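Worksheet: the structure to be examined is printed underneath.
All of the numbers you see were taken from the coordinates with simple rules; none came from a lab. Just so we're clear, the structure is a prediction, and the values are computed from it rather than from any experiment. Please note: Cβ atoms are built from the backbone with ideal geometry, for glycine as well, and neighbour counts cover all protein chains shown.
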Amino acid sequence: MRWIEEYLQEDVGDGDITTLALIGNETGTARVMANEDGIVAGLEQAMEVFQHLGLKVTLLTRDGEPVSAGANIMSVEGPLRSILTGERLALNLLMRMSGIATATYNVVRACRERNPDIRVAATRKTTPGFRHFEKRAVVLGGGDPHRNRLDDAILIKDNHLAVVGSIAEAVRRARNVSFTKKVEVEVESLDEAEEAARAGADIILLDNMGPNEAGRCAEAVRRIDPRIVIEASGNITPENAPDYAENVDVISLGWITHSAKAMHFSLDVLEIKG
């Protein structure tokens with residue numbers, strides 16, 4: 001795959017000079033181990049890296065599964081030069097994706113204690129060039145990816161409204177795009193939420209509201225049209241996310257992709273053959 005070649009080129013350059021200087025034709029086996037508890041994500045991508053380098057890979061668990069510190073999650077067999085050359089890229093994928101999956105899982109679990117039907121979604125606050133993997137990790141952690149790209153759905157934000165002039169006119173124009181596209185409107189007040197509901201928005205995003213204000217807006221919107229999906233976003237963290245869960249349908253937070261802590265894994269060579 002092209003992404004593997006691009007990522008390996010970034011990391012390896014013209015060659016792994018340390019490995020090439022120290023290691024010859026030896027083969028062997030290495031294991032990848034989780035060094036802390038969490039939800040594994042990125043196993044498939046790590047496996048693809050090693051396989052691209054001609055190695056045999058055995059997965060010892062599955063993406064989306066919980067693991068404990070000390071658990072072996074993958075075995076890699078073949079030329080040691082290839083194992084060590086692919087080590088950091090494979091571990092980086094695992095660490096970053098598993099950190100996001102674990103953070104998502106924890107937020108989803110906390111929010112569903114308040115509302116079993118709540119959806120926890122990502123945002124587009126992702127790493128350029130790595131969004132696909134970050135969004136995949138969110139899904140593996142039990143979350144919703146939200147929009148992957150700007151062509152997925154219509155989301156009318158404050159700057160759009162500043163140009164167009166009104167929510168009603170913005171929704172009217174958006175409806176002309178296609179009947180297949182949902183129309184979502186970002187609002188910052190009760191009056192704007194009610195205007196968006198009357199204008200026929202499919203989804204209303206309550207932006208930068210506290211939990212109580214979001215609850216009042218959600219109640220008002222549902223009185224106008226109970227079919228509207230209500231999303232809360234903006235300044236939402238793992239700590240305060242559950243406070244929104246009882247009143248809205250979706251909680252989206254950029255935190256799970258831009259601030260989740262990486263999960264720690266290590267690779268160790270276990271067997272060396274001449």
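With the chain treated as a Gaussian network of Cα nodes joined by springs under 10 Å, which of Gly42, Gly141, Gly200 yields the largest mean-square fluctuation?
Gly200
Based on Cβ point charges of +1 for Lys and Arg and -1 for Asp and Glu, what charge dipole magnitude is obtained for region 109-258 about its Cα centre, in debye rounded to the nearest 20? Could you put the intermediate results ahead of the total?
Working: 22 positive and 25 negative charges, 147 e Å.
Computed about the Cα centre, the dipole is about 700 debye.
Please give the helix 43-52 orientation as an angle from the longest Cα principal axis of the chain, in degrees from 0 to 90, rounded to the nearest 10.
Orientation of helix 43-52: about 40 degrees from the principal axis.
Specify the residue with the greatest mean-square fluctuation among Gly210, Gly234, Gly54, computed from a Gaussian network of the chain linking alpha-carbon atoms under 10 Å apart.
For the chain, modelled as a Gaussian network with Cα springs under 10 Å, the answer is Gly54.
Would you list the P(r) distribution for region 109-258, with all Cα-Cα distances sorted into 10 Å bins from 0 and each bin expressed as a whole %?
Bin by bin from 0 Å, the calculated values are 12, 41, 37, 11, 0.
Could you work out how far helix 2-12 tilts from the main Cα principal axis of the chain, as a 0 to 90 degree angle to the nearest 10?
Compared with the principal axis, the helix lies near 60 degrees.
Note the angle between two axes, namely the Cα long axis of helix 80-112 and the longest principal axis of the Cα atoms of the chain, as a number of degrees from 0 to 90, rounded to the nearest 10.
Approximately 30 degrees, to the nearest ten.
Rank Val76, Ala46, Asn35 by how far each Cα sits towards the positive end of the charge dipole of region 30-95 (+1 on Lys, Arg Cβ; -1 on Asp, Glu Cβ) and give me just the farthest.
Positive-end residue among those listed: Val76.
Decide, for region 163-222, between rounded, prolate and oblate: order the square roots of the alpha carbon gyration tensor eigenvalues as a ≥ b ≥ c, take rounded if a/c falls under 1.5, and otherwise choose prolate if a/b is larger than b/c, else oblate. Let's see the in-between values first.
Details: a/c = 2.30, a/b = 1.86, b/c = 1.24.
Prolate, because a/c is 1.5 or more and a/b exceeds b/c.
Pull out the extension gain between Glu44 and Leu60, defined as 0.36 nm times the separation in residues minus the alpha carbon to alpha carbon distance; nm, one decimal.
Gain on stretching Glu44 to Leu60: 4.6 nm.
Please give the length that would be gained between Val163 and Asn176 if that part of the chain were fully extended, namely 0.36 nm times their separation in residues minus their C-alpha to C-alpha distance (nm, one decimal).
Working: separation 13, 0.36 × 13 = 4.68 nm, distance 1.76 nm.
Stretched fully, the Val163-Asn176 segment lengthens by 2.9 nm.
With runs of 4+ DSSP H residues as the only contributors, calculate the mean residue ellipticity of the chain at 222 nm using -39,500 (n - 2.57) per run, divided by the residue total and rounded to the nearest 500. Please report the intermediate quantities before stating the final value.
Details: 11 runs with 119 residues, N = 274.
Calculated mean residue ellipticity at 222 nm is -13000 deg cm²/dmol.
When the chain is modelled as a GNM with alpha-carbon springs shorter than 10 Å, which of Pro128, Pro116, Pro79 fluctuates the most?
Per the Cα network of the chain with a 10 Å cutoff, Pro128 tops the list.
Between Asn208 and Glu5, what FRET efficiency follows from the Cβ-Cβ distance if R0 is 35 Å, with the result rounded to 0.05? Intermediate results must be reported in sequence, preceding the final value.
Numbers: r = 41 Å, r/R0 = 1.18.
My answer for the efficiency is 0.25.
For Lys125, give me every one of the lysines with a C-alpha distance below 27 angstrom, ignoring sequence neighbours fewer than eight places off in its own chain.
Straight-distance partners of Lys125: Lys135, Lys157, Lys181, Lys182, Lys261.
Taking neighbour counts of Cβ atoms within 10 Å as a proxy for exposure, in what order, fewest first, do Ser252, Ser166 appear? The partial results should precede the final answer.
Working: Ser252 25, Ser166 11.
Placing the least packed residue first, the sequence is Ser166, Ser252.
Have a look at Leu150, Ala193, Ile100 and report the one farthest towards the positive end of the charge dipole of the chain, computed about the Cα centre with Cβ charges (Lys/Arg +1, Asp/Glu -1).
Going by the Cα projections, it comes out as Leu150.
Please get the size of the charge dipole for the chain, origin at its Cα centre, with Cβ charges of +1 on Lys and Arg and -1 on Asp and Glu, quoted in debye to the nearest 20.
Working: 31 positive and 42 negative charges, 107 e Å.
Magnitude of the dipole: close to 520 debye.
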